[in-house]
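The values are calculated or read from the model by the stated rules, or taken from the named source; none is laboratory data. Keep in mind that what you see is a predicted model, and the values were worked out from it rather than measured. Counting neighbours? That spans all protein chains shown, and the Cβs are built from the backbone with ideal geometry, glycine included.
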Amino acid sequence: MVAARPGSRKNTGAGGMAIKQENAQYIQEIETIISQVQGVVSGRIVCQEDEILEIHVLANASRSPKQVVRDIESAVLVTLGVQLDHKKISVAQLDSGLSLPAEAENRFRFRSINYTAENGKAEIMITIDAGSSSHTAKLSGPNTRQNRLRLIAGATLSAVEKSLNIEGMLTVGEVQKVHFSGQNVIAAAVFLRLHNQEEVLIGTAINRGDELETAVRASLDAINRRLTIIKSN
């Protein structure tokens, strides 16, 4: 059964999702989110009589189709609260010769995290790699369970801005823990401000035992989706 958007969607049975004509823009929102998933070149939803029948995705060869499908499901669920049927998602991959190895090499990568807490205050120090260089940023604040994840995301964004020599373009939206498809996932929403406009970037990472490191990876995943655009501005 597919989750429905309150007041605008209705279920049509197992695996079916019907959408009213006036909510065609909502389909475009889903397509936009799909296009932001790492490795995706473009995505197109096929509807018939307001029902989603197929979701066609064109991706490069940097990631496996299964990884792309899982990220699409996770991103749409976290952003819009809609659970897509993975059986309806088909992924076509470009030849590996058409992928962008240089771009992938320049993506931000997690290096280390240092977390200390004293007298109800947490201090986070994040180090990330960008190509052959490393960049570190610190952030401190109240040592609460939810705020720790926000501090980690904030420190990660600060390290990214330091690397790119920019300021005030990236801010933390939300950082949430989600149980999805049998996996514990952390999702990070990052606000990117360009030319007086704001775009929401969504990043996800599977928690493999270290919640703090996972929050860093989710934040970097969000940034890496639009890294070319950020660098060009």
From (1) over 14 Å from Ile202 (Cα atoms); (2) assigned to a helix (DSSP H, G or I), pick out the condition that doesn't hold for Ile72. (1)
What are the residue pairs meeting all of these: first residue in segment 200-211, first residue in a strand (DSSP E or B), second residue surrounded by fewer than 22 Cβ atoms within 10 Å (Cβ to Cβ) and of a type in the set (Ser, Thr, Tyr), Cβ atoms under 9 Å, and 6 or more apart or on different chains? Val200/Thr79; Ile202/Thr79
Is segment 177-184 home to any residue that is part of a loop (DSSP other than H, G, I, E, B) and closer than 19 Å to Val76 by Cα? yes
Give all pairs with beta carbons closer than 7 Å in which a residue from segment 53-75 that is outside the structural domain of Asp221 (by TED's automatic domain parsing) meets a residue that is of a type in the set (Phe, Trp, Tyr) and assigned to a strand (DSSP E or B); count only pairs at least 6 apart in sequence or on separate chains. Ser74/Phe180
Take the residues of segment 156-173 that are in a helix (DSSP H, G or I) and not β-branched (Val, Ile, Thr): which is nearest to the chain's Cα centre (by Cα)? Leu157
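One line per residue, one yes/no per condition, for (1) without any contact (Cβ under 8 Å) to a residue 40 or more places away in the chain; (2) of a type in the set (A, V, I, L, M):
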| position | (1), (2) |
| --- | --- |
| Arg145 | yes, no |
| Glu161 | yes, no |
| Ile166 | no, yes |
| Thr171 | yes, no |
| Gln176 | no, no |
| His179 | yes, no |
| Asn184 | yes, no |
| Leu192 | yes, yes |
| Thr214 | yes, no |
Does Ile206 satisfy the condition of being in contact with a strand residue (DSSP E or B) (Cβ under 6 Å, 6 or more places away or on another chain), at pLDDT 90 or above and outside the structural domain of His86 (by TED's automatic domain parsing)? no
Which number in (1) assigned to a helix (DSSP H, G or I); (2) surrounded by fewer than 17 Cβ atoms within 10 Å (Cβ to Cβ); (3) modelled with pLDDT of 90 or more marks the one condition that Phe191 misses? (1)
Please determine, by comparing only the residues of segment 23-55 that are over 19 Å from the mean Cα position of the chain (by Cα) and not hydrophobic (A, V, I, L, M, F, W, C), which one is farthest from Arg217 (Cα to Cα). Glu49
What about Ala215, is it among the aliphatic types (A, V, I, L, M) and either over 14 Å from the mean Cα position of the chain (by Cα) or crowded, with 23+ Cβ neighbours inside 10 Å (or both)? yes
For the structure I just gave you, tell me whether Lys138 is exposed (fewer than 15 other Cβ atoms within 10 Å of the Cβ) and at pLDDT 90 or above. yes
